[in-house]
1. Treating the angle as unsigned and between 0 and 90°, give the value, to the nearest 10°, between the Cα long axis of helix 167-176 and the longest Cα principal axis of the chain.
2. Going by how many other Cβ atoms sit within 10 Å of their own, how do Val80, Val39 line up, fewest first?
3. Run the Debye formula on the Cα coordinates of region 183-287, all scatterers equal and no solvent, and tell me log10 I(q)/I(0) at q = 0.11, 0.15 1/Å.
4. Please work out, to two decimal places, the log10 of the ratio I(q)/I(0) at q = 0.07 Å⁻¹ from a Debye calculation in which every Cα of the chain carries one identical scatterer.
5. Using helices alone, what [θ] at 222 nm do you get for the chain, with -39,500 (n - 2.57) per DSSP H run of 4 or more residues, divided over all residues and rounded to the nearest 500?
6. Helix 195-208 against the longest principal axis of the chain: what's the angle in degrees, Cα atoms only, rounded to the nearest 10?
7. Can you list residues from other chains, or at least 5 along the same chain, whose modelled amide H is less than 5 Å from the amide H of Leu182?
8. Kindly give the semi-axes, whole Å and largest first, of the ellipsoid equivalent to region 87-210, taking each as the square root of 5 times a Cα gyration tensor eigenvalue.
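Read the figures in this text as sums done on the coordinates, not as results from a lab. These numbers were taken from a predicted model, which means no experiment stands behind them. Cβ placement follows ideal geometry from the backbone for every residue including glycine, while neighbour counts extend to all protein chains displayed.
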Amino acid sequence: MMSDNWSTKRLVTVFGGTGFLGRRIVCRLVEKGFNVRAVSRHPERVSGLFPADARTLEAVRADILDPASVALAVAGSQTVVNAVSLYVERGNRTFERVHVKAAADLAAASRNSSVEQFIQISGIGSDAKSESRYIRARGQGEHVVASTMPSIIIRPSVMIGPDDSFLTVLIRLIRLLPVYPLFGNGETRLQPVYVGDVAQAISVLIDRNEPIGSSIFEFGGPQVYTYEELVREIAGQLGVQIRPISIPFEIWSVLATIAEFLPAAPLTRIQIELMRHDNVTARDLPGMKELDIEPHGIREVIRAIEQADRQARHG
């Protein structure tokens, strides 16, 4: 997939390059003319995700849990992006192993390869002292990366867009259920952000390549909703009448425990844990505004999801 005539721009290596956010980052960078190395355990997926004429794109097989393959994948890179995420633990793929140990190994390999810019994708609310193993691992991952080499930490709010696991599911359930179950009392505050806007923001940071030390950016959409307000907004956009009802988090946790045994885990305990906490950008941290990006609103994203669904049904 890579040609001998690469552009003069530097090489950016994206771990998790075929994932929900990672592949969007790859697309933005290719559009900007960067040489991009999309790293994943399944590089064969690259041909189905990106244009066939993406001459500056290279698909590489590597497992972030394998330090040897990680070292080979980062060799020659000027920028490395860690967009690997894990929401359900399976075997040795635990939150601590992926979000802490593997992130530290990747940062160390990048430092040893003289990588100039390291970007770690985390999430709003990450906290190294949290009682939640997932939230704690995310926070610890930020710490080990920043202590290994100067890094940019990216904390998006809940990301939405076609084929996401949040808004797309809400749309389908709202169309299906006349009585809609809320997480708790529905008062958790959310600031959903379009995944394409997050990818664009990251590509801007890479393009600037400013010589800065460790820093944190938080990315959110243009509006903050309570969960119930978000559900009602979506229903209004779809022209659907619903009646929200409160469901205690304890019941959701039991349901999620069972759901995690199903293929593709339609509901996870991590989703329930995250919904217990507000997911809103901090006022004292830079975000979309500082990068001159006007984020898309929920209505535009709903239209994009609906269009993608129509194309999938008829395509």
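1. On a 0 to 90 degree scale, this one is about 20.
2. Taking fewest neighbouring Cβ atoms as first place, the list is Val80, Val39.
3. Each listed q maps to, in turn, -0.50, -0.84.
4. With one equal scatterer per Cα and no solvent, log10 I(q)/I(0) is -0.27.
5. -11500 deg cm²/dmol, from helical runs alone.
6. Rounded to the nearest ten degrees, it is 30.
7. Answer set, sorted by chain and number: Ile245, Ser246, Ile247.
8. 31, 19, 13
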